[in-house]
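Please read the structure below before turning to the comments.
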């Protein structure tokens, strides 16, 4: 079946936001007297619900963060993103040439996704953004991608998901969609293709048709 719709993840796929947010997490955890390195932070939090990552960290460290931790993290990471987030290389030119319906479907809150898109200027390429927080279902569950496809009027078999995280890749496959992984040449399997650069994206998409 030809590809008729493209569903993009945002963090780590369209924008290079995850290292910035992880830096804030490492700093805040350190302020509570705990050690967390950047690699561990990325593993715990990238592509998943924030509360789940915090629960894993609390279980590992045998601690409990105050209720103010999450809103403070949201505020501080939003400021870091507003100051420094950048689009992934060549994604703007690729989206300019992409002649298919597209949307963003992210596990992050809508405000964070819209901030990332606005700061990088990628918002001009997307009319529709979906957030897991608005349907109360997070990757690796397929619901977010299924809702996005249905809203745009396409069956799952018509859609390609572009993802970078394990949770997102699993969600795309569970939704019955083809998945293009970005900078994840370590992941292989049926229904999966990989790009390391967005220069590869449009030729690959043509091959999937």
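Any read-out appearing in this document is the output of simple, stated calculations on the displayed coordinates, not a laboratory observation. If you're wondering where the values come from, they're calculated on a predicted model, not measured in any experiment. Cβ atoms come from the backbone with ideal geometry, glycine included; neighbour counts cover every protein chain shown.
Here is how the numbers come out for the structure above:
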| quantity | calculated |
| --- | --- |
| Overall form of segment 93-209 per C-alpha gyration tensor (a/c, 1.5; a/b vs b/c) | rounded |
| Using alpha-carbon coordinates, inclination of helix 110-120 to the longest axis of the chain, degrees | 70 degrees |
| Two-site FRET efficiency, residue 55 against residue 92, from Cβ-Cβ distance with R₀ of 30 Å, rounded to 0.05 | 0.25 |
| Square roots of 5 times each gyration tensor eigenvalue, C-alpha, the chain, largest first, Å | 30, 18, 16 |
| Rounded to 10°, Cα long-axis angle of helix 69-84 versus longest principal axis of the chain | 60 degrees |
| For the chain, built as a Gaussian network whose Cα springs stay under 10 Å, the top-fluctuating residue of 98, 146, 34 | 34 |
| GNM result for the chain, Cα springs below 10 Å: residue of 42, 100, 54 fluctuating most strongly | 100 |
| Tail beyond 13 Å, pair distance distribution of segment 125-165 (Cα, percent) | 57 percent |
| Within a Gaussian network of the chain (alpha carbon springs, distance under 10 Å), most fluctuating of 47, 62, 153 | 62 |
| Cα gyration tensor shape of segment 18-84, rounded if a/c is under 1.5, else prolate or oblate by comparing a/b with b/c | prolate |
| Residues in segment 145-170 reached by a label modelled at residue 192 [backbone nitrogen below 15 Å; 7 Å Cα→Cβ] | 161-170 |
| Rounded tilt (10° steps) of 50-61 against the dominant C-alpha axis of the chain | 40 degrees |
| Antiparallel DSSP beta bridges within the chain, percent to nearest 5 | 5 percent |
| Ranking of 5, 159 by count of other Cβ atoms within 10 Å, fewest first | 5, 159 |
| Per-residue Cβ neighbour rank within 10 angstrom, fewest leading, 195, 169, 7, 135 | 135, 195, 169, 7 |
| Ranking of 199, 138 by count of other Cβ atoms within 10 Å, fewest first | 199, 138 |
